[in-house]
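Engineer: Sharing a structure with you now.
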Amino acid sequence: MAKDRSFATKTAKAEGGKDSCPVCGDAYAYLRHISTAKSAKTDAWKANRKMVRVCGCNQKEIYG
Ligand SMILES: [Zn+2]
């Protein structure tokens, strides 16, 4: 049945979108980690932004 199928797809999508660590089961917290680096060419500081996923496995490393 088409209705059943669409419902199943929705459910699967919702579960797939849940971002949690397969190791500790914690939901990931996203942290914007900004590090600054000086460019050798232009002699200007630039910020490198990257998203870091934090869960029970690495929160000690991240938060100290
Ligand atoms: Zn984890």
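We did not get these values from a lab; they are worked out from the coordinates using the rules stated. Quantities reported herein were computed from a predicted structural model and do not represent experimental measurements. Note: ideal-geometry Cβ built from the backbone for every residue, glycine included; neighbour counts use all protein chains shown.
Engineer: Output wanted: per-residue J couplings in Hz (rounded whole) for the range 22-29, from phi through Karplus 6.51 cos²θ - 1.76 cosθ + 1.60, θ = phi - 60°, x for Gly and Pro.
Structural biologist: x, 8, 9, x, 6, 6, 5, 9
Engineer: So, one more: Place a +1 charge on the Cβ of each Lys and Arg in the range 20-64 and a -1 charge on the Cβ of each Asp and Glu, then give the dipole magnitude about the Cα centre in debye, rounded to the nearest 20.
Structural biologist: Values: 8 positive and 3 negative charges, 53 e Å.
About 260 debye.
Engineer: Once you put a point 7 Å from the Cα of T36 and another 7 Å from the Cα of S20, both along the Cβ direction, what distance in nm separates them?
Structural biologist: 3.9
Engineer: Something else: Of all alpha-carbon pairs in the range 20-64, indicate the percentage at a distance above 15 angstrom.
Structural biologist: 54
Engineer: Residue farthest toward the positive end of the dipole of the range 20-64, with Cβ of Lys/Arg at +1 and Asp/Glu at -1: which of H33, V23, C55?
Structural biologist: Comparing the listed Cα positions along the dipole, H33 ranks first.
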